[in-house]
Structure formats: structure tokens, C-alpha cells
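What follows is a short report on a single structure.
The values are calculated or read from the model by the stated rules, or taken from the named source; none is laboratory data. Keep in mind it's a predicted model, so treat the numbers as computed, not measured. Please note: Cβ atoms are built from the backbone with ideal geometry, for glycine as well, and neighbour counts cover all protein chains shown.
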Amino acid sequence: MLALLKDVIQRRELLGILVGRNLKIRYKNSALGFFWSLLVPLFMIVIYAVFLHVMRFTTNLPMLVVGIITWQFMSMCLGDSLHAVVGNANLITKSAFPRIMLPLSTVLANFVNFLLSGFVLVVYLLVVRADFAHVAWLPLVMLTHLALATGIALLFSTANVFFRDTEHVVSMLLLAWFFLTPVIYSDAMVLDNTGFPPSLKALFFVNPMTGIITSYRMALMGWANPGWPYLLLSLVASLAVLLAGALLFQRCQDRFGDEL
């Protein structure tokens, strides 16, 4: 783990180049380029607002938008991580550099897009006069989110080198994870539901994305729940995933060239 961190620090210029390359590839031949990172969340807010109004749903629009934008970052990191290593076979077989740069650069590129989307989100929340009373928690929430995304990217980028079925498994897991996470609903729907036994409610918050999304809502919308205990639970889980991903990647990276 420390060796990987040392490699990243020593080759940080290369990491910056790879992040820039990933961003350029995403918007290659696009007339608006990086402006799509601002326009997509804006269109999303408008579309959801119109849909909820037409269908007369009582869903809290700011809550929904915070959940969707937060989830998209994780979803994009997971999807891009599958090809972070196998999609760069030429680099791995012909160049000597820390292999961890590849999945890490995909996460950081998506994080840049997430920050741009977050800017639109904050402007929207200011317009609707959201409560930013707990915004001081936001840096810790974002670091927790980034740690989880990095750990998962390391795990699945490694797995996809040796098991190409990983891509199909991930698509199913991602769908199940989406509905098990309070993205389009609030945590209160589970916590206040008397039909759920306490043991299932506890398992609900074992999912680190539950604490992360509800903590974003706490920081950006002033929600009192889940509060810092659930955020710290997500932080511990995210760091555990990051450690597991780093150890697996470090153990397997010398075999990447033989498998590609």
C-alpha cells in the first residue's frame, strides 16, 4: 500500500497527463467539450422537474437530484474501471510505469466531471434556497466518496483482467446496488417503515453509499439524518474497500502483461 502511494507521488506528473487524456477522450470531437459537464446536470434537473410536475409525484426534487448526481459519479467510475487496464494493453506491455495510474486516472477524471456537475447542483440548491447548515461536512463526505470509488475501481479493474465476465456481473450488481441505495428515495422510507426489522435497517446502512448519499443531503440540504455516525461508518467501510483494492492490485499487477 505504501509502495503504491510512493509511486503515485513520484509520478504525479504522469498521473496528471493520464487524467487529461481521459478527459480529452471523453469529449473528443464534441463541439461543446467540457461544457457538457455543466449542461448535462442542468438538463437533468429540468427534465426531472417537468416529469415530477406532469406526473404529479410528491418526490422532493432537490433530494432526487442530489442522489442521482452523487450516484452517477460512482456508476461512471465503476464502468470506466473495467477498461482501465484491459483497454491499455499497449501501455502495459511496452512501457514501465506504475500500473495503478490507470484506474486512478479514470477515477480522478470522473471526479473532475463530478465537481463540475456539483457546481451546477450547488447553484440550483441556492436558487431553491436549500439549507447549507451542515456544509462543513462536505469535504469529508467527498473524500469518503472518492476513497470508495478508488477502492472499487482498483478491485474491478484487476478482476476484469483475469475474468472477462466481470463486465456482465458488474452490470447486474450495479442495478441491484442502485435500488439498495437511497438514490431515488430517502433513508427515512426505510428507517420509518415499521415493516422492516431492525436487523435489515442495520444492513441498509452497512452499504457505504447509503451513508454517503444521505450525508450529501445532510451537507447540502440541511438534513438532520443520518448525522455523523453514519458518515463515519461509510468512511470506515470506504477505507477498507480502498485498502482491499490496493492490496489486490499490488499483488496482481505483475501478471497483467501475461494476461493481456
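For the reader, a short list of remarks on this structure follows.
- Taken residue by residue, the range 87-98 has no member that is in contact with a His (Cβ under 9 Å, 6 or more places away or on another chain) and under 24 Å from residue 22 (Cα atoms).
- Put simply, of 155, 138 the only residue that is in a helix (DSSP H, G or I) and surrounded by fewer than 19 Cβ atoms within 10 Å (Cβ to Cβ) is 138.
- Residue count for the range 165-217, restricted to those that are among the polar types (S, T, N, Q), under 14 Å from the mean Cα position of the chain (by Cα) and assigned to a loop (DSSP other than H, G, I, E, B): 2.
- Candidates in the range 1-22 are the residues that are at pLDDT 80 or above and hydrophobic (A, V, I, L, M, F, W, C); of these, the one that is surrounded by the most Cβ atoms within 10 Å (Cβ to Cβ) is 18.
- Only residues that are part of a helix (DSSP H, G or I) and either of a type in the set (Phe, Trp, Tyr) or touching a strand residue (DSSP E or B) at 6+ places or on another chain (Cβ under 8 Å) (or both) were counted in the range 218-258, giving 4.
- Each residue in the range 96-122 was checked for being more than 30 Å from residue 252 (Cβ to Cβ), at pLDDT below 90 and not polar (S, T, N, Q), and 5 of them qualify.
- Positions within the range 92-109 being part of a helix (DSSP H, G or I) and either more than 18 Å from residue 245 (Cα to Cα) or within 15 Å of the chain's Cα centre (by Cα) (or both), in sequence order: 92, 93, 94, 103, 104, 105, 106, 107, 108, 109
- Where residue 161 falls short, out of the listed (1) at pLDDT 90 or above; (2) under 17 Å from the mean Cα position of the chain (by Cα); (3) hydrophobic (A, V, I, L, M, F, W, C); (4) surrounded by 20 or more Cβ atoms within 10 Å (Cβ to Cβ): (2)
- Reported count of residues in the range 226-240, each being out of contact with any Pro (no Cβ under 7 Å at 6 or more places or on another chain) and surrounded by 14 or more Cβ atoms within 10 Å (Cβ to Cβ), is 10.
- Residue, surrounded by the fewest Cβ atoms within 10 Å (Cβ to Cβ), within the range 110-135, restricted to residues that are in a helix (DSSP H, G or I) and either touching a Gly at 6+ places or on another chain (Cβ under 8 Å) or aromatic (Phe, Trp, Tyr) (or both): 119
- Scanning the range 65-91 for residues that are assigned to a helix (DSSP H, G or I) and either touching a Pro at 6+ places or on another chain (Cβ under 6 Å) or free of Cβ contacts under 8 Å to residues at least 60 places away in the same chain (or both) yields 65, 69, 72, 76, 81, 87, 88, 90, 91.
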